[in-house]
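Reviewing the structure listed below.
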């Protein structure tokens, strides 16, 4: 039986110097589930045309704006990938959904929880897939951790600890020659809290994804460490999960020497699981008796979800961010097929971050900011 034809995709954003744009392009096409046929690579028309040519897109299918793309490409596309600055997520996503297109969107969902809820409802009403690239859900051993916790291997969850530490803002990048191009430093674009929207939502999703629980309360301190900086670069908080477990979350882009240092640990009544991004192919499982063991990506003993996400079926071979993104795009394609076949559940891609996850991430940001403004008062997080 021949493989199905790739789905037809357009990309919004991603022109140089974007870091995440090339990741989306490579991941979307890695498994031949999507073919990139049209684009709006940049708001700068000349730069967009140059980028589109480099991506192999015919000049006539590189557009200056969303209205032009949707008018010219009507009936010629199945989906769009959106990897633009945060302030444009709402408008681009709404336009795509209203045109009947499935959407893969770089996180966060948008900058406003009310607009996020509107997008989630619109996708639901139209039977379309609105997915987010919380990329760490694409790593095999994160999925294995989730499976082990769900199977009760560590008992009832008591504690969840999650960290996302980076060093990109550990110095005054505002004084650098490229400062004008750093849209994340402008709160009107990056949103109400850079650290929470940029990496805090990743940490929030990771804690909820692995634990299988939803975050319900938070007591937070959100601040700026670098004097004179217009955006937040540090957040720490205590939180509660449904079911009663407690936890802590630390996120910062101002930790000198930390190179995308991400970790999640879940402690239960009889054991724990621990995953770290710097050793992403490994998961450590420990018990009350002091014994611990490490399992590796590629092992045939992994759960079905982790095995599916393992592209090299042997231990000792590393995979990375492109493969994790590609796993999300494969899940995205599977869910689109399910929708076409009349299945409106999410069972076809249970590990894929969807609109509800995005809304809960925005509600988490709003609650953390409210708590921080009230000197750490415990605030409930709205459940989507």
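Within the stretch 25-39, the set of residues being in a helix (DSSP H, G or I) and touching a residue at least 60 places away in the same chain (Cβ under 8 Å) comprises 26, 27, 28, 30.
On the given criteria, is residue 278 in the same structural domain as residue 187 (by TED's automatic domain parsing), in contact with a helix residue (DSSP H, G or I) (Cβ under 7 Å, 6 or more places away or on another chain) and more than 18 Å from residue 361 (Cβ to Cβ)? So residue 278 does not fit the description; no. In the stretch 83-93, the qualifying residues are those that are within 15 Å of residue 362 (Cβ to Cβ) and in contact with a helix residue (DSSP H, G or I) (Cβ under 7 Å, 6 or more places away or on another chain), and the one that is surrounded by the most Cβ atoms within 10 Å (Cβ to Cβ) is 93. Does residue 236 satisfy the criteria of being part of a loop (DSSP other than H, G, I, E, B), within 30 Å of residue 216 (Cα to Cα) and either within 22 Å of the chain's Cα centre (by Cα) or at pLDDT below 95 (or both)? So residue 236 does not fit the description; no.
Collect the residues in the stretch 102-128 that are without any contact (Cβ under 8 Å) to a residue 40 or more places away in the chain and surrounded by fewer than 22 Cβ atoms within 10 Å (Cβ to Cβ), keeping them in residue-number order.
Answer for the stretch 102-128, where residues must be without any contact (Cβ under 8 Å) to a residue 40 or more places away in the chain and surrounded by fewer than 22 Cβ atoms within 10 Å (Cβ to Cβ): 114, 115, 118, 121, 122, 125, 126.
If you take the residues in the stretch 129-172 that are out of contact with any helix residue (DSSP H, G or I) (no Cβ under 7 Å at 6 or more places or on another chain) and part of a helix (DSSP H, G or I), which one is surrounded by the fewest Cβ atoms within 10 Å (Cβ to Cβ)? Residue satisfying both the conditions and the ranking: 150. Annotation note: of 42, 88, the sole residue that is in a loop (DSSP other than H, G, I, E, B), under 24 Å from the mean Cα position of the chain (by Cα) and closer than 24 Å to residue 325 by Cβ is 42. Scan the stretch 273-297 for residues that are within 14 Å of residue 318 (Cα to Cα) and exposed (fewer than 13 other Cβ atoms within 10 Å of the Cβ) and the total you get is 1. Is it true that some residue in the stretch 339-346 is more than 20 Å from residue 196 (Cβ to Cβ), under 21 Å from the mean Cα position of the chain (by Cα), assigned by TED's automatic domain parsing to the domain that holds residue 159 and outside any helix (DSSP H, G or I)? No, the conditions are met nowhere in the stretch 339-346. Pairs meeting the criteria (first residue in the stretch 357-384 and in the same structural domain as residue 224 (by TED's automatic domain parsing), second residue surrounded by fewer than 15 Cβ atoms within 10 Å (Cβ to Cβ) and in a helix (DSSP H, G or I), beta carbons under 7 Å, at least 6 apart or on different chains) are lacking.
So, residue 301, is that one out of contact with any helix residue (DSSP H, G or I) (no Cβ under 7 Å at 6 or more places or on another chain), more than 25 Å from residue 36 (Cα to Cα) and assigned to a loop (DSSP other than H, G, I, E, B) or not? Here the answer is yes, as residue 301 does meet what is asked. Restricting to the stretch 51-68, give me the number of residues that are in a loop (DSSP other than H, G, I, E, B) and within 23 Å of residue 27 (Cα to Cα). Final tally of qualifying residues: 5.
Restricting attention to the stretch 239-252, and to residues there that are in contact with a strand residue (DSSP E or B) (Cβ under 7 Å, 6 or more places away or on another chain) and part of a loop (DSSP other than H, G, I, E, B), which single residue is farthest from residue 373 (Cα to Cα)? Among those residues, the one meeting the criterion is 243. Selection over the stretch 69-82 of residues that are touching a strand residue (DSSP E or B) at 6+ places or on another chain (Cβ under 9 Å), surrounded by fewer than 18 Cβ atoms within 10 Å (Cβ to Cβ) and either in a helix (DSSP H, G or I) or not assigned by TED's automatic domain parsing to the domain that holds residue 33 (or both) gives a count of 1. Identify the residue in the stretch 5-24 that is in a loop (DSSP other than H, G, I, E, B), touching a helix residue (DSSP H, G or I) at 6+ places or on another chain (Cβ under 8 Å) and in contact (Cβ under 8 Å) with a residue 60 or more places away in the chain and, among all such residues, is nearest to residue 182 (Cα to Cα). Filtering first and then ranking leaves 17.
Selection of the stretch 187-221 for residues being surrounded by fewer than 24 Cβ atoms within 10 Å (Cβ to Cβ), farther than 19 Å from residue 109 by Cβ and more than 19 Å from the chain's Cα centre (by Cα) yields 216, 217, 219, 221.
What is the residue count in the stretch 179-213 for residues that are part of a loop (DSSP other than H, G, I, E, B) and either within 19 Å of residue 274 (Cα to Cα) or free of Cβ contacts under 8 Å to residues at least 24 places away in the same chain (or both)?
Matching residues across the stretch 179-213 total 3.
The values are calculated or read from the model by the stated rules, or taken from the named source; none is laboratory data. Predicted model only: the values in this text are computed from it and were never measured. Because the Cβ atoms are built from the backbone with ideal geometry, glycine has one as well, and the counts that use them run over all protein chains shown.
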